[in-house]
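Notes follow once the structure below has been shown.
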């Protein structure tokens with residue numbers, strides 16, 4: 001669907017007329033017939049008694065509790081925070097209507113330039129692959145991975161050849177401004193201010209929304225090197241917490257089946273589609289979360305089939321996803337593949353019929369979660385079992401559906417041989433925040449002692465794992481003696497061995513896998529109360545944390561003897577750091593600026 005031009009009024013009216021308002025709203029909140037209308041709990045405010053009325057004959061809804069009302073377009077705009085045009089596009093796609101746009105007076109107005117840049121880049125990458133010779137590195141790689149050109153075309157796969165500025169040069173020739181290239185997540189600036197391509201010598205996976213619009217590009221390295229995959233940076237269009245790979249290619253199958261098969265990898269999706277599982281999609285460089293579930297529900301999906309790798313990270317991801325399903329009221333089935341295989345490898349040994357049998361026999365989300373929890377503590381003492389039981393009850397308290405909560409509690413009672421009545425009574429008490437999340441307890445390794453670490457170095461390292469794009473502002477600012485804890489110092493050195501773009505593309509869930517020897521340290525930084533995990537990225541915050549650590553290191557130095565030269569060098573370094581923090585990052589006269597100049 002084209003992203004430019006105006007949508008004619010007649011087409012907007014057609015989209016509204018074709019939208020089943022009851023079906024649309026029922027995908028967000030349950031409705032029941034009430035006379036000629038439908039009644040349910042309002043999705044816009046908390047209420048115990050239903051006051052939200054949907055009138056199919058009038059094509060509108062009204063809440064007698066909060067007063068909200070409107071038609072299908074208004075509903076999508078208000079609930080999903082879509083712009084008017086985005087809401088129309090969403091409903092058109094849901095109804096299977098192709099929009100024919102008129103001419104806009106300003107075709108590059110708003111974010112149209114960024115979309116145009118993404119479209120140009122998509123065609124550039126595709127033509128690179130199509131035009132490559134049979135003995136080129138990309139064609140040989142496709143052959144090695146048993147990826148046909150037909151499959152490559154279906155998923156619009158491309159190739160970013162070797163060279164630092166190939167895409168950047170192409171876009172420059174097309175007259176695309178540098179700020180637009182940067183906003184699209186395609187280029188990055190180096191230490192000397194030069195611009196270069198984020199993706200080089202990689203197989204390119206365009207990530208498209210359900211309407212077929214390109215949101216960004218992921219890349220798999222063709223030769224040796226790390227990281228194997230680079231995911232897009234967060235942009236105006238690409239939000240990894242709610243995006244899936246393969247939704248455009250699989251939308252027809254998903255709409256027909258009203259279910260999706262969620263896997264972990266881009267190549268897994270392509271292989272599954274080839275084998276007939278065209279409702280397969282994948283998360284993009286992050287763990288499945290509540291925003292993902294909302295995106296699934298928007299497509300009318302009622303059930304999710306999880307098919308995860310059979311290794312330990314795959315099992316941990318399946319456990320986390322099961323909890324997400326329970327908390328967000330969507331039915332899920334969990335298949336962990338045998339022998340440590342991923343879906344791509346699975347089909348080298350087994351058939352599509354084998355996978356269908358595994359999925360059909362797979363436990364649902366709460367059965368899988370319970371089985372994993374019980375397996376861990378069945379041979380342990382009473383206190384270990386009680387601790388796990390408390391976590392399961394806390395999880396049950398967060399399940400909104402009474403029926404599903406009762407089913408879950410019944411399974412807990414059966415597994416642990418407890419009285420269901422007492423358990424059900426406890427399970428309806430208000431939820432208390434658990435000390436340790438269930439999935440964290442199952443994967444947390446033995447702790448490395450960080451007690452000698454200063455508060456300043458802990459805060460900085462926690463910020464880096466929560467906001468990895470901050471690494472560039474730390475590079476070159478700290479010395480080895482800045483840290484008191486050797487584990488944190490070594491970990492930072494490993495971070496700095498990667499390029500800023502490579503480290504910035506890693507999510508917190510990926511860090512323990514990439515830096516396996518430091519997984520214990522990373523788990524503590526990620527899970528032991530990281531206050532920066534929910535914050536937006538801030539360059540000012542980074543500079544402040546660096547300056548705090550420099551000052552802490554300086555105070556330690558001053559406790560020992562310093563030569564006149566050392567004292568002079570230290571004073572100059574602090575003065576320079578304060579000047580940069582003041583001029584480049586912090587507003588003049590702000591309380592934060594004054595704090596960091598002290």
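Taking the options 300, 310, name whichever one is modelled with pLDDT under 90, in contact with a strand residue (DSSP E or B) (Cβ under 8 Å, 6 or more places away or on another chain) and either within 28 Å of residue 151 (Cα to Cα) or part of a helix (DSSP H, G or I) (or both).
Within the list 300, 310, the selection yields 310.
Could you check, for the range 38-61, whether at least one of its residues is touching a residue at least 40 places away in the same chain (Cβ under 8 Å) and surrounded by fewer than 17 Cβ atoms within 10 Å (Cβ to Cβ)?
So far as the range 38-61 goes, yes, one or more of its residues are touching a residue at least 40 places away in the same chain (Cβ under 8 Å) and surrounded by fewer than 17 Cβ atoms within 10 Å (Cβ to Cβ).
If you take the residues in the range 1-35 that are touching a helix residue (DSSP H, G or I) at 6+ places or on another chain (Cβ under 8 Å) and in a loop (DSSP other than H, G, I, E, B), which one is modelled with the lowest pLDDT?
Applying the filter and picking the extreme gives 1.
Does residue 202 qualify as being touching a residue at least 60 places away in the same chain (Cβ under 8 Å) and surrounded by 23 or more Cβ atoms within 10 Å (Cβ to Cβ)?
Criteria not met by residue 202.
Is it the case that residue 323 is closer than 20 Å to residue 267 by Cα and part of a helix (DSSP H, G or I)?
Answer is no for this residue.
Quickly run through the range 3-34 and pick out the residues that are without any contact (Cβ under 8 Å) to a residue 60 or more places away in the chain and within 26 Å of residue 302 (Cβ to Cβ).
Scanning the range 3-34 gives 17, 20, 21, 22, 25, 26, 29, 30, 31, 32, 33, 34.
Within the range 238-249, is even one residue over 23 Å from residue 91 (Cα atoms) and in contact with a helix residue (DSSP H, G or I) (Cβ under 9 Å, 6 or more places away or on another chain)?
Start the filter on the range 238-249 by keeping residues that are over 23 Å from residue 91 (Cα atoms), which leaves none.
So far as the range 238-249 goes, no, none of its residues is over 23 Å from residue 91 (Cα atoms) and in contact with a helix residue (DSSP H, G or I) (Cβ under 9 Å, 6 or more places away or on another chain).
Would you check which residues across the range 348-366 are crowded, with 17+ Cβ neighbours inside 10 Å, at pLDDT below 95 and part of a helix (DSSP H, G or I) and list them?
Within the range 348-366, 365, 366 qualify.
Can you pull out every residue in the range 211-259 that is part of a loop (DSSP other than H, G, I, E, B), over 24 Å from residue 112 (Cα atoms) and out of contact with any strand residue (DSSP E or B) (no Cβ under 8 Å at 6 or more places or on another chain)?
Of everything in the range 211-259, those that are part of a loop (DSSP other than H, G, I, E, B), over 24 Å from residue 112 (Cα atoms) and out of contact with any strand residue (DSSP E or B) (no Cβ under 8 Å at 6 or more places or on another chain) turn out to be 223, 224, 225, 226.
Can you find, within the range 395-404, the residue that is modelled with the lowest pLDDT among those that are closer than 18 Å to residue 290 by Cα and part of a helix (DSSP H, G or I)?
Within the range 395-404, the match that is modelled with the lowest pLDDT is 404.
In this structure, does residue 218 turn out to be under 29 Å from residue 346 (Cβ atoms) and touching a residue at least 24 places away in the same chain (Cβ under 8 Å)?
On the way: under 29 Å from residue 346 (Cβ atoms): yes; touching a residue at least 24 places away in the same chain (Cβ under 8 Å): yes.
Considered against the rule, which asks whether it is under 29 Å from residue 346 (Cβ atoms) and touching a residue at least 24 places away in the same chain (Cβ under 8 Å), residue 218 comes out as yes.
Pairs under 6 Å by beta carbon, first residue over 19 Å from residue 316 (Cβ atoms) in the range 354-377, partner in a helix (DSSP H, G or I) and at pLDDT 95 or above, six or more apart or different chains?
Here the result reads none, with nothing in the range 354-377 linked to a residue that is in a helix (DSSP H, G or I) and at pLDDT 95 or above.
Would you call residue 571 modelled with pLDDT under 70 and either surrounded by 12 or more Cβ atoms within 10 Å (Cβ to Cβ) or not assigned by TED's automatic domain parsing to the domain that holds residue 460 (or both)?
no
Restricting attention to the range 108-135, and to residues there that are assigned to a loop (DSSP other than H, G, I, E, B) and out of contact with any helix residue (DSSP H, G or I) (no Cβ under 9 Å at 6 or more places or on another chain), which single residue is nearest to residue 216 (Cα to Cα)?
It comes out as 110.
Only one residue in 38, 90, 75 is in a helix (DSSP H, G or I) and modelled with pLDDT of 90 or more, so which one is that?
On inspection, the qualifying residue turns out to be 75.
The values are calculated or read from the model by the stated rules, or taken from the named source; none is laboratory data. All values reported here derive from a predicted model rather than from experimental measurement. Please note: Cβ atoms are built from the backbone with ideal geometry, for glycine as well, and neighbour counts cover all protein chains shown.
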